[in-house]
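Notes follow once the structure below has been shown.
What follows draws every value from the coordinates through simple rules; no lab data is involved. Treat the numbers as computed from the prediction; the structure is a model and nothing was measured. All Cβ positions, glycine included, derive from the backbone under ideal geometry; neighbour counts span all protein chains shown.
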Amino acid sequence: MKKIWRRLNAHDTSSEGRTWGEKGVPDEAVAAPKAARETGGKDQGDAKRITTREAVRRFRAHALEDKTHDDVVRVGVHDAMWSDLYHHALTASWGAFVGWAFLAYVLINLAFALLYAIAPGEVSGPHAPDLADLFFFSVQTLSTIGYGVWSPTGTWTNSVVSVEALLGMMINALATGAVFARIARPKARIMFSNQAVISDENGVSALCIRLANCRRSVILSLDVEVALSRLTVTADGHLERQFEPLLLVQAHVPVLRFAFVLAHVITETSPLHQHSLKELDSEEAEIVVTVTGTDEAMGQTVFARTAYAFDRVLWNHRFVDIVHTRPNGGIAVDYSRFHDTEERKHAEEDAPVG
């Protein structure tokens, strides 16, 4: 954001430098760090010795790269917590959901315990009730357990018990619905490659992104959209987020069973060819990928998304093969190498000898 604000203050909309469509590797090419290059270019022998823990970590690594935009402050928009409570219950993390539910449960029972404490003599039991006894009496009433050790005897206590029992049935129904909705909410277990690559096959540059289905059931009628997102400054000095579509060779996949590589050919009309590397870097450009499909087992529409900043784009690389033939003639898909890439050889190195 600092680069954008500097451009906003200076009103500098000029661009220079090479474009993605040009041959060769530019000096300012946005490639991955050296460590990522070394990981992508490791030999196949090292990749085969990967542990299960490492494979799982790499499966989930793409989710950790997603931006949360915590540095963006919303002004003039009120977070409607109570009027949009169901949405907050679904989108909160499991830790936050359980924590808030436990806190609300304790506070509600404590509030009713204080109401019972107004007339403690109207709660009969083995001894005179203290606040702890009234609290657990509220717990038994709210959850409609009713062990019978403590019981209401007076008009005030019976009235409070009636209100709490009604409230308890509503809370139990709402809590059960929220937990079920969180568990049954359709979610695509689609993983994206940690990095995008730009390969030069037969003299044609193409942006490639690999995705895979982590479930045993297939995903039907998969539609993919890829766009170049740029934060630009308009002529009158306003910030504006622009999305330019990147046309794919195949944007519709009828059946996604294992893995698939998305490809965008960088022609002269491609936004990646029209914008320079320096311009893309200054505009904090990202490659945004959205996926929509139907889970065959659940029959529900599932969604997935990810984004690649240009420091996660490898120039002159390609994804390693993960589909192999087993000795018995079967097919093996090596997901442990899903994120692995290798550097493309030069044309003269690919040419046959002799």
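Structure notes:
- Residue separation of V261 and A297 scaled by 0.36 nm, minus their Cα-Cα distance, works out to 10.6 nm of gained length.
- The slack between T234 and V323, meaning 0.36 nm per residue of separation minus the straight C-alpha distance, is 27.3 nm.
- Cβ-based net charge around V291, under 13 Å, with every Lys or Arg adding one and every Asp or Glu removing one: +1
- Sites listed here are trypsin sites (Lys or Arg not before Pro) in the stretch 226-332 whose DSSP assignment is loop and whose Cβ has at most 15 other Cβ atoms within 10 Å: R257.
- Potential lengthening between A165 and Q242 on full extension [0.36 nm per residue; Cα-Cα distance subtracted]: 22.3 nm
- Residues whose amide H comes within less than 5 Å of that of I266, counting only those at least five positions distant or on another chain, are S205, A206, L207 (H built at 1.01 Å from N in the peptide plane).
- Under the simplified labelling scheme, the A119-F136 pair shows an inter-label distance of 2.4 nm, with each label point 7 Å from Cα along Cα→Cβ.
- FRET efficiency for the pair V204 and Y105, taken as 1/(1 + (r/R0)^6) with r the Cβ-Cβ distance and R0 = 51 Å, rounds to 0.25.
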